[in-house]
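Please treat every number below as a calculation from the coordinates, not as lab data. Treat the numbers as computed from the prediction; the structure is a model and nothing was measured. Quick reminder, even Gly has a Cβ in these numbers, built from the backbone with ideal geometry, and neighbours come from all protein chains shown.
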Amino acid sequence: MRRTTSFLTSSVGRKVIMALSGLFLSSFLVIHLYINLFLFKQDLGHEFDRYAEFMATYPLLRPIEIILFAGFLLHAFIGIWLWLMNRHARPVRYALHKTGQTSELSSRIMWLTGFVIAAFLAVHIKGFFITSRFITPDRSMYDIVAEAFKNPWTDALYVVALFFLGYHLRHGFQSSFQTFGLRHERYRRLIDWVGAIFWLLIPLGFAAMPLYFLWCK
């Protein structure tokens, strides 16, 4: 038990937790996108509302929501912890003048992209989750989404936030496999292709939704 605790509180252990929580949250994006793709179905939102109703009322999904929220908090906490530890370990002058030689831009601004994603998530939860569950529970989720995405400012916020999400996922996905020692030359191309699904195709899928309601509905 003591050995496990020592590992999880070490620098390597924190990176492993960061990688596992990040991959867990990425898997949720796949499910979330799959359900949201029903917004494009030409049935006045009936299929999408059916899934939304199931997600809101099925009792076994409540623990999953709690685990998902806890996973996000853990990922954010460990990310901030690692960032502070790295800043503390690196001299200021070295950080200002040498980082471009030792790390990619995506690595150096992970804290920024993570902050933007957290702010976006807060707006997203308030605009859809809280609204549909507590403010106007009698309205269909499809109507809430359609109304929100007819506002060009809301759409612009989402598209910008999804750009940051893609940038965050691009570095995070590669770092996760590097943490597990799987960035071997033999698997690099496969990992890069799978990674592109997460950092490119999934954000593009989400970004298509506000643009669809703004221009086509």
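For the reader, a short list of remarks on this structure follows.
- Helix 110-124 axis versus longest C-alpha principal axis of the chain: approximately 20°, rounded to the nearest ten.
- Counted over all Cα-Cα pairs of the stretch 7-215, pairs farther apart than 30 Å make up 29 percent.
- Computed packing ranks the peptides 107-117, 191-201 as 107-117, 191-201, most packed first, by mean other Cβ atoms within 10 Å.
- Label-point gap, in nm, between Leu200 and Arg188 - each point 7 angstrom along Cα→Cβ: 1.7
- Extension gain from Leu211 to Lys41, taking 0.36 nm per residue of separation minus the Cα-Cα distance: 59.7 nm
- Crossing angle, helix 152-179 versus the chain [Cα axis fit, 0-90 degrees, rounded to tens]: 40
- Only Lys, Arg (+1) and Asp, Glu (-1) charged, at Cβ; the stretch 7-215 dipole about Cα centre in debye: 1160
- Among Arg170, Arg50, Arg139: highest mean-square fluctuation, GNM of the chain, C-alpha pairs under 10 Å: Arg139
- Cα gyration tensor category, rounded, prolate or oblate, for the stretch 1-76 with a/c compared to 1.5: prolate
- In the chain, lysine pairs with alpha-carbon atoms under 30 angstrom apart (chain gap of 8 or more, or interchain): 7
- Residue with peak Gaussian network fluctuation, the chain [Cα springs, cutoff 10 Å], from Tyr51, Tyr167, Tyr158: Tyr51
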